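*Asks:* One structure, as structure tokens, below. Some questions next.
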2 protein chains.
Amino acid sequence: MRAMAAPGLASARRHLRNKPMIENRPGSVSAELIAVLVAVTAGTPRVLTIAEGTSLPSGPLSPEHRSLQAGTRSWVERQTHHPLGYVEQLYTFADNDRNAALGGFGRAISISYLALTREQPKTLDGGASWRNWYDYFPWEDHRQGADLPAPLPAALRAWAQAGANPAARRARKQRAAIAFGLEGRRWNEELVLQRYELLYEAGLVSEAARDGIACHTTPAPRLGHAMRQDHRRILATGIARLRAKITYRPVVFELMPPSFTLLDLQRSVEALAGQLLHKQNFRRLVEQQALVEETGQMAGATGGRPAKLFRFRADILQERAYAGTKPPLPRA
Amino acid sequence: MRAMAAPGLASARRHLRNKPMIENRPGSVSAELIAVLVAVTAGTPRVLTIAEGTSLPSGPLSPEHRSLQAGTRSWVERQTHHPLGYVEQLYTFADNDRNAALGGFGRAISISYLALTREQPKTLDGGASWRNWYDYFPWEDHRQGADLPAPLPAALRAWAQAGANPAARRARKQRAAIAFGLEGRRWNEELVLQRYELLYEAGLVSEAARDGIACHTTPAPRLGHAMRQDHRRILATGIARLRAKITYRPVVFELMPPSFTLLDLQRSVEALAGQLLHKQNFRRLVEQQALVEETGQMAGATGGRPAKLFRFRADILQERAYAGTKPPLPRA
DNA sequence: CCAATAATGCTCAAATTGAGCATAAATAGG
DNA sequence: CCTATTTATGCTCAATTTGAGCATTATTGG
């Protein structure tokens, strides 16, 4: 049996629920850690996958880990053979769907983490690979033109029309418009999860078909590459978090090499955001925030006037990582 | 029993594909749900506690719950006898400290949630009570003057001076300055967790003494009321999240009665933020965002010119809850 | 030398923010 | 009734931030 952690707490709980806690041994569950490990290489945002790109890497929670974050950090580092700059908890899932998938053994809890790193060529074990995250979310890349993938607009309309009653139809239409920036609204790059969930509900991604959700377009579009279980949803959560984070905390730096040009930096931010930025304003922001300093060297010619190389200012970064900063600027 | 500690990617993949998951039962753990349940009553932000205010309410994760969030919602609703407007996951903890405290039964995972509601007088079971959250964080309330509690400034200096070497001392000094808005910096009301963690490390809260952390001030200040385990840290996480959230999402409304004056609304936001707002600007913002509409009625006299009563616009709220909004305005 | 590609410096208008002034409408106390 | 007090509410203004563009400079490849 389980020793009581805090007797006072237990009795209070008895007050609250009229049942002794000890009989209610908090459900024995199994726990795994799932990582969304991100790098940006050559202007492409990439995520580490296993199983031919159909799963995110995951590992069991083990008792020797000091904490969940330490556990994630340690097994990801062992697998990729280089240190993670940044690790942040994303979300904890424990739906009964998962439970069913486990054959009724017990509830499975998945604790997901976002981690940032730089891609290193040869360090991966077999089966693991870096994938362009837009393979999974083609509708999220607006760097070349803001057009949605072809079947989407019509499919969204069909979904909205399939609402049970006029109010539901209106609500669906509005929801699609907000999520996808339709009807004159502007695209909000942070709504990654909302968009994926909408597409799932509308039956427009393979996972929905797998889970028996209907689609009102024929042939049913199957947008983006699918993943097992709910890994694509977790990836969407990670992308959304990262897109939000770069606007107020200087996390891009975790993804950059030691020295880089301002355009390199801009391309990386654009890769993550899926949107182009106004070059001069981007520079103004970066310099005004004093996040970088010149190395004194110039970049090897890249087809135009040579650019200065910069590095991060460790002192400022530390401060900003702690207290936040100001956002960059969207634009086409 | 438990499977491997940190599988290589290849084996992780096997784990996911080739073997039935059931054999690889990732570490068996016990899971509990902890709630930070917040209400604002008469200009005071309150949190629901049990055990004489020393614990947050918590309940075991139970198999009948459809999801973690549904589980939290259902047991909190059963205890408080009224529906939660808003529930959001905060953080998942599983430190080995907890493990030890549980007598080695196995790792305990705590999944914490933030929930918003309105306080209702008579619905609590014995042992539970609403507490002013500033009882736990007196340094967080800047509504009357921006002065920190008396022993704080000197204690922070002492902590900084106790750094092992000049670099450490400088880093500590800067960290304290950022967290507490010293040396001409401005107070950032969202750094609730950072401040609590700093005070813990500096030995200035009772939990630190309990956990054997030294303090460099005598007599050691014991700022704010203590809580069991790491509940005060969880509460700090909840407050920080809520303070951040109100600046870009209209969650205050979950805390308000059906109709209210603009000053009521402002007082509630101020209670959460721990800072006073500029009245005219607050109104400008609220009205410009079209979050509320007049009910046509006036408030019962409160000592001055009668104020119009407002209610929320459900349509707008829904949209903003989904896509976000603009921030309000700090000021003294 | 010319075209193409980047880097970099500068300007400008619109929108947002922070702060204050002034007035109106009530109540409480004499 | 008059006055001080308290709140509501309308309006202005300057500083800053944001979004967008123009112009110039430095290279490379014909």
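*Asks:* Based on what the data block shows, is B:Thr237 more than 23 Å from B:Ala160 (Cβ to Cβ) and β-branched (Val, Ile, Thr)?
*Replies:* Yes.
*Asks:* Could you tell me how many of the residues in the range A:296-318 are part of a strand (DSSP E or B), at pLDDT below 90 and closer than 30 Å to B:Arg170 by Cα?
*Replies:* Of the residues in that region, 1 qualify.
*Asks:* Which ones in the range B:251-265 are aliphatic (A, V, I, L, M) and part of a helix (DSSP H, G or I)?
*Replies:* If the condition is that a residue be aliphatic (A, V, I, L, M) and part of a helix (DSSP H, G or I), then B:Val251, B:Val252, B:Leu255, B:Leu262, B:Leu263, B:Leu265 are the ones that fit.
So that you can scan it fast, the table gives a plain yes or no per residue for (1) away from chain B (no Cβ under 14 Å); (2) at positive phi; (3) away from DNA strand C (no atom under 16 Å from the Cβ):
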{"residue": "A:Phe180", "(1), (2), (3)": "no, no, yes"}
{"residue": "A:Asn188", "(1), (2), (3)": "no, no, no"}
{"residue": "A:Lys245", "(1), (2), (3)": "no, no, yes"}
{"residue": "A:Met256", "(1), (2), (3)": "yes, no, no"}
{"residue": "A:Leu277", "(1), (2), (3)": "yes, no, no"}
{"residue": "A:Val286", "(1), (2), (3)": "yes, no, no"}
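*Asks:* Here is a follow-up. Determine whether B:Gln161 is touching a residue at least 12 places away in the same chain (Cβ under 8 Å), outside the structural domain of B:Leu272 (by TED's automatic domain parsing) and surrounded by fewer than 18 Cβ atoms within 10 Å (Cβ to Cβ).
*Replies:* Against the criterion (touching a residue at least 12 places away in the same chain (Cβ under 8 Å), outside the structural domain of B:Leu272 (by TED's automatic domain parsing) and surrounded by fewer than 18 Cβ atoms within 10 Å (Cβ to Cβ)), B:Gln161 qualifies.
*Asks:* Looking at B:Ala236, is it within 16 Å of DNA strand C (Cβ to nearest atom), under 17 Å from the mean Cα position of the chain (by Cα), away from every other protein chain (no Cβ under 14 Å) and surrounded by 20 or more Cβ atoms within 10 Å (Cβ to Cβ)?
*Replies:* No, not satisfied.
*Asks:* All but one of (1) away from DNA strand D (no atom under 16 Å from the Cβ); (2) modelled with pLDDT under 90 hold for A:Glu287, so report the exception by its number.
*Replies:* Of (1) away from DNA strand D (no atom under 16 Å from the Cβ); (2) modelled with pLDDT under 90, only one is false for A:Glu287: (1).
*Asks:* Of (1) in contact with a His (Cβ under 9 Å, 6 or more places away or on another chain); (2) surrounded by 18 or more Cβ atoms within 10 Å (Cβ to Cβ); (3) under 29 Å from A:Val36 (Cα atoms), A:Asp135 satisfies all except one. Which?
*Replies:* With (1) in contact with a His (Cβ under 9 Å, 6 or more places away or on another chain); (2) surrounded by 18 or more Cβ atoms within 10 Å (Cβ to Cβ); (3) under 29 Å from A:Val36 (Cα atoms) applied to A:Asp135, the lone miss is (2).
*Asks:* In the range B:195-233, which residues are touching a Lys or Arg at 6+ places or on another chain (Cβ under 8 Å), under 18 Å from B:Arg175 (Cα atoms) and crowded, with 21+ Cβ neighbours inside 10 Å?
*Replies:* Matches in the range B:195-233: B:Tyr196, B:Leu204, B:Val205.
*Asks:* Now for a different question. Could you list, in sequence order, the residues of the range B:266-294 that are of a type in the set (Gly, Ala, Ser) and either without any contact (Cβ under 8 Å) to a residue 12 or more places away in the chain or not in a helix (DSSP H, G or I) (or both)?
*Replies:* Within the range B:266-294, B:Gly274, B:Ala290 meet the criteria.
*Asks:* Taking the range A:83-116 as the region of interest, how many residues are more than 8 Å from every other protein chain (Cβ to nearest Cβ) and at pLDDT 75 or above?
*Replies:* Residues that pass the stated criteria total 13.
*Asks:* Could you name every one of the helices (runs of 4 or more DSSP H) located completely within the range B:149-207 that has at least 3 residues being of a type in the set (A, V, I, L, M) and modelled with pLDDT under 95?
*Replies:* B:166-180
The values are calculated or read from the model by the stated rules, or taken from the named source; none is laboratory data. The model shown is predicted, which means the values in this text are computed figures rather than measured ones. Positions of Cβ are backbone-derived with ideal geometry, glycine not excepted, and every protein chain shown enters the neighbour counts.
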